[in-house]
1. From the residues in the range 273-296 that are outside any loop (DSSP other than H, G, I, E, B) and within 22 Å of the chain's Cα centre (by Cα), which one is surrounded by the fewest Cβ atoms within 10 Å (Cβ to Cβ)?
2. Report, by residue number, each residue of the range 160-212 that is free of Cβ contacts under 8 Å to residues at least 40 places away in the same chain and in contact with a helix residue (DSSP H, G or I) (Cβ under 9 Å, 6 or more places away or on another chain).
3. Hey, among the residues in the range 38-75 that are in a loop (DSSP other than H, G, I, E, B) and in contact with a helix residue (DSSP H, G or I) (Cβ under 7 Å, 6 or more places away or on another chain), which one's modelled with the lowest pLDDT?
4. Of 215, 204, 178, which residue is modelled with pLDDT under 95 and more than 30 Å from residue 273 (Cα to Cα)?
5. Does at least one position in the range 61-79 carry a residue that is more than 23 Å from residue 173 (Cβ to Cβ), surrounded by fewer than 21 Cβ atoms within 10 Å (Cβ to Cβ), free of Cβ contacts under 8 Å to residues at least 40 places away in the same chain and within 21 Å of the chain's Cα centre (by Cα)?
6. If residue 13 satisfies every condition in (1) at pLDDT below 90; (2) surrounded by 14 or more Cβ atoms within 10 Å (Cβ to Cβ); (3) under 17 Å from residue 217 (Cα atoms) but one, which is the exception?
7. Taking the range 101-112, which residues are surrounded by fewer than 24 Cβ atoms within 10 Å (Cβ to Cβ), in a helix (DSSP H, G or I) and touching a helix residue (DSSP H, G or I) at 6+ places or on another chain (Cβ under 7 Å)?
8. Count, please, the residues in the range 297-309 that happen to be assigned to a helix (DSSP H, G or I) and touching a helix residue (DSSP H, G or I) at 6+ places or on another chain (Cβ under 9 Å).
């Protein structure tokens, strides 16, 4: 019951802190002309968004880290190895996204880090994550809880971790294309992993990573005040990369890596649509979808942006409720 009380309090503090920071940070970003450059392929659909500030991920990143540190220093939470790994992932991928956004703003185009540079940096953080994970005396197990199945896959688990972190960070990044879409889905996903974390009492620091998940959920809700249609700020790579990677980190630490596919089903669909589009186009020269990620296909078909976001939020919520039945009850 104490974990629940702390988690609710953390969510409330995260929300209030993010809203207050947003009110302060938004005018600063506008003054600095930290504007998002709209893709030429969406010139008609997103014309009104030209000049909207980016790097809004700071609105939920700064409160989440600072408030968690305050909770630790005041004895309301404990800094432990598990929480340290989660925070390392969160901050590590945030820095990658921040550098990318900074370069885009500085150059006044959509050319930040190259794909090779970004991928290399993501892999480096993932390798450090694996090193820290194994130093914490964690076993390289592929674990399917429902079937009570465990398999030690040795060094292949390192490759698996690398894939989970890089794929999840890029999946959220691809989904961040409509007002409130990635932010809302992330609220649902972190809320789900917060509840799942409650149930992992075998894990060192399970209560503390649960509190951080709820704190981040509250901060994201505060961010959505400024990010839902019509968005006053975009989260940018600053926010999307760290959200995706941190979801992957929660899945790995709670040993629910496969459940991440269900919780993040919309992220998976968005990523698959891009992969299918590229594969088929290279093979046949034809496009399967009008535009990818797939949320843009719905736009091209005339569906309103707000309706697309609500549809995807609903899919994410239903999938996460099913995941909770599996991850907590069964």
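The values are calculated or read from the model by the stated rules, or taken from the named source; none is laboratory data. On a predicted model such as this, the values are computed, not experimentally measured, just so you know. Positions of Cβ are backbone-derived with ideal geometry, glycine not excepted, and every protein chain shown enters the neighbour counts.
1. 275
2. 162, 163, 187, 201
3. Across the range 38-75, the extreme among qualifying residues is 45.
4. Residue meeting the stated conditions: 204.
5. Within the range 61-79, one or more residues are more than 23 Å from residue 173 (Cβ to Cβ), surrounded by fewer than 21 Cβ atoms within 10 Å (Cβ to Cβ), free of Cβ contacts under 8 Å to residues at least 40 places away in the same chain and within 21 Å of the chain's Cα centre (by Cα).
6. (1)
7. If the condition is that a residue be surrounded by fewer than 24 Cβ atoms within 10 Å (Cβ to Cβ), in a helix (DSSP H, G or I) and touching a helix residue (DSSP H, G or I) at 6+ places or on another chain (Cβ under 7 Å), then no residue fits.
8. Qualifying residue count, the range 297-309: 7.
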